[in-house]
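The values are calculated or read from the model by the stated rules, or taken from the named source; none is laboratory data. Model, not experiment: these values are computed from the prediction. Every residue, glycine among them, receives a Cβ derived from its backbone with ideal geometry; neighbour counts consider all protein chains shown. In case anyone asks, the SASA skips ligands and DNA or RNA and just uses the protein heavy atoms, side chains included. Shrake-Rupley method; radii C 1.70, N 1.55, O 1.52, S 1.80 Å.
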Amino acid sequence: MAWSWQLVLEDLVHTEVDQASDMAPMTLSVLVVEDQPFQQQAIHTLLRVFSKRHPSVTFHVELVDTSQAAMELLQTRRDFHVVMLDVIMPDMR
């Protein structure tokens, strides 16, 4: 799991850096949609490790634990750089 997330984040960071005029620090906004506390912690750890490897990148993380909460949030906010989504959410069956 972490390997595929790492590729997505690496690509996102390179895209953002290419669009920026310099290597200034950047904060990326991440929406995490995950109902399992263990997976929530794993994603936080992944982002923390990624930030240590890329000191100019920090993450602002919004965490929701239901797909309904994610949909409500996305109706009012569209500024997320990436959405990490659990594809098996109990409330989406």
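Restricting to the stretch 68-93, give me the number of residues that are within 15 Å of the chain's Cα centre (by Cα) and either open to solvent by less than 60 Å² (accessible area, probe 1.4 Å) or touching a residue at least 40 places away in the same chain (Cβ under 8 Å) (or both).
Qualifying residue count, the stretch 68-93: 12.
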Please state which one of Pro37, Pro55 is open to solvent by 70 Å² or more (accessible area, probe 1.4 Å), touching a Pro at 6+ places or on another chain (Cβ under 9 Å) and either over 14 Å from Leu9 (Cβ atoms) or not charged (D, E, K, R) (or both).
Pro55
Considering the stretch 68-90 alone, what residues qualify as being of a type outside the set (A, V, I, L, M, F, W, C) and modelled with pLDDT of 90 or more?
Gln68, Glu72, Gln75, Thr76, Arg77, Asp79
Kindly provide the set of residues from the stretch 40-52 that are more than 18 Å from Glu10 (Cα to Cα) and exposed (fewer than 15 other Cβ atoms within 10 Å of the Cβ), ordered by number.
Gln41
